[in-house]
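Worksheet: one structure, shown below.
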Amino acid sequence: MLEIQMVRAWLATTQQKLQRRDRDGVIEDRGDIVQTVIIVGLFAAAAILVVGILVAKATQAANSVKTQ
């Protein structure tokens, strides 16, 4: 749920910036790359964390299955 809220906030911010640029006639991006890199890094870290949790749960479930 947090990831969805982060994506919505990022999209809203990006949309506001684009509308402001269109209105002001600004063509170049200043400092947006840093924000984008940070957001992409956070999403990558969140994805790694989610995959780790899923693997741990699946391993735990597999180890708890009685074979005989």
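Taking 0.36 nm per residue of sequence separation and subtracting the Cα-Cα distance, how much length would be gained by fully extending the chain between A61 and M6, in nm to one decimal?
Values: separation 55, 0.36 × 55 = 19.80 nm, distance 3.08 nm.
Length difference between fully extended and current span is 16.7 nm.
With both labels modelled 7 Å from their Cα along Cα-to-Cβ, the I53 to Q16 distance reads 2.8 nm.
Every number in this text was worked out from the coordinates using simple rules, so none of it is lab data. As the structure is a prediction and not an experimental result, all values here were calculated from the model. Glycine also receives a Cβ, built like all others from the backbone with ideal geometry; neighbour counts cover every protein chain displayed.
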